[in-house]
Structure formats: C-alpha cells, structure tokens
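> Dumping the structure here so I can ask a few things about it.
The values are calculated or read from the model by the stated rules, or taken from the named source; none is laboratory data. Bear in mind that the values here come from a model prediction, so they are computed numbers and not experimental data. Cβ atoms come from the backbone with ideal geometry, glycine included; neighbour counts cover every protein chain shown. What goes into the accessible areas is simple: the full protein's heavy atoms, side chains included, and nothing from ligands, DNA or RNA. Shrake-Rupley method; radii C 1.70, N 1.55, O 1.52, S 1.80 Å.
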Amino acid sequence: MLTPGLQGVARLVVGSAHTAATLGSGDVPALGTPALVALMEAAAVAALAGRLDAAETSVGTRIEIAHLAATPVGDEVRAEARLVAVDGRRLSFALAAFDSRQRVGEGRHERV
C-alpha cells in the first residue's frame, strides 16, 4: 500500500563524472544539476522499494528542483524523498538534498 509518509534516501560521493563540467551543464568542477536530479529521483525510487507488485514499476513524469549550493568533488550528497500525496496512480514527492555542510537542493517530483 502506497501511503503518504514513505521515505527514501540515495547517496553519492561526487566524482569527476558527476560534475557540471563533465555533464555539459556548466564549466564548474562541482556537482552538476543533472547528477543532482538523478540522485533525487533515485531517492524517490528507493521510497517505493518493496512496495510495488512484482510486475509493477514507476516512471518519473515531472521534476522541479532548485540547486541551492555547489558540492565539490569528494564530498558526499544525500538525497531524501518523502511521498506527500497519492492520487490514483500519480505519486507526489517532496525532495531535499544535503552535502556535508548544507542543504544543496530541494524540490518536487511526480511518478506514476
């Protein structure tokens, strides 16, 4: 049963492959926004782990984030997703991400 309050976490140690410079989203050698988006989406998937029928999966349909601060290579980022609403098959999540110093991202995500 999918009910509001389910939570998931995903972690990533930032490597050169995760930087804005490598991903083409800027020229900064820090966590790129595309990598942050993927990590936040992984946290939402983790919140659903073991809660869907074996033949079911979920797909992301919408994501809106604010990338609030830069995270340098070598630091760990922890993304958290909390299921806040279930409307039929549509699942809405609140997202937040933190590195060792501060909140680095926040947003909303929908999956069906």
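> Of the residues D75, D99, D87, which exhibits the maximal mean-square fluctuation in a Gaussian network model of the chain defined by a 10 Å Cα contact cut-off?
D87
> Restricting to Cα pairs below 8 Å that are 6+ residues apart, what does the relative contact order work out to for the range 17-112? Please round to a whole percent.
Computed over the range 17-112, the figure is 27 percent.
> Next question, about the same structure. If I ignore ligands, DNA and RNA and count only protein heavy atoms, how much of T33 is accessible to a 1.4 Å probe, in Å² to the nearest 10?
T33 has an accessible surface of roughly 60 Å² with all protein chains in place.
> Mind listing which GluC sites (Glu not before Pro) in the range 36-112 are in a DSSP loop and have 15 or fewer other Cβ atoms within 10 Å?
When the GluC sites (Glu not before Pro) of the range 36-112 are filtered for loop state and at most 15 Cβ neighbours within 10 Å, E56 remain.
> Another one. What percentage of the solvent-accessible surface of the chain, computed with a 1.4 Å probe over protein heavy atoms, is contributed by carbon and sulfur atoms?
About 51 percent, which is the carbon plus sulfur part of the accessible surface.
> What value, in deg cm²/dmol to 500, does the helix sum -39500 (n - 2.57) over DSSP H runs of n ≥ 4 give at 222 nm once divided by the residues of the chain?
That calculation yields -5000 deg cm²/dmol at 222 nm.
> Give, as ranges by residue number, the residues of the range 40-60 whose backbone N falls under 17 Å from the point 7 Å along Cα→Cβ of L2.
Inside the label zone: 41-60.
> Starting from the Cα of T57, step 7 Å along the direction of its Cβ; do the same at V45; then give the gap between the two resulting points in nm.
Each label point lies 7 Å from its Cα, and together they span 0.9 nm.
> For the chain, with every protein chain kept in place, what is the accessible area per residue (1.4 Å probe, Å²)?
54 Å²
> Just how large is the dipole of the chain about the Cα centre, in debye to the nearest 20, putting +1 at every Lys and Arg Cβ and -1 at every Asp and Glu Cβ?
Using Cβ point charges on Lys, Arg, Asp and Glu, the chain gives about 220 debye.
> Let me ask something additional. Which label marks the calculated value of semi-axes √(5λ) of the Cα gyration tensor in Å, given the options (1) 28, 22, 10; (2) 21, 16, 14; (3) 27, 13, 12?
This structure yields the entry labelled (3).
> Between A79, A96, A66, where does the largest GNM mean-square fluctuation fall for the chain, given springs only between Cα atoms within less than 10 Å?
Comparing A79, A96, A66 in a Gaussian network model of the chain, the most mobile one is A66.
> May I ask for the distance between the Cα centers of the range 5-49 and the range 51-105, given as a whole number of Å?
Distance between centres, Cα-based: 9 Å.
> I'd like the trypsin sites (Lys or Arg not before Pro) in the range 33-112 restricted to DSSP loop residues with at most 15 other Cβ atoms within 10 Å, sorted by number.
Qualifying residues, ordered by number: R51, R89, R101.
> Suppose R0 equals 22 Å; then what is the FRET efficiency for R89 and A66 from their Cβ-Cβ distance, rounded to the nearest 0.05?
The computed FRET efficiency comes out at 0.25.
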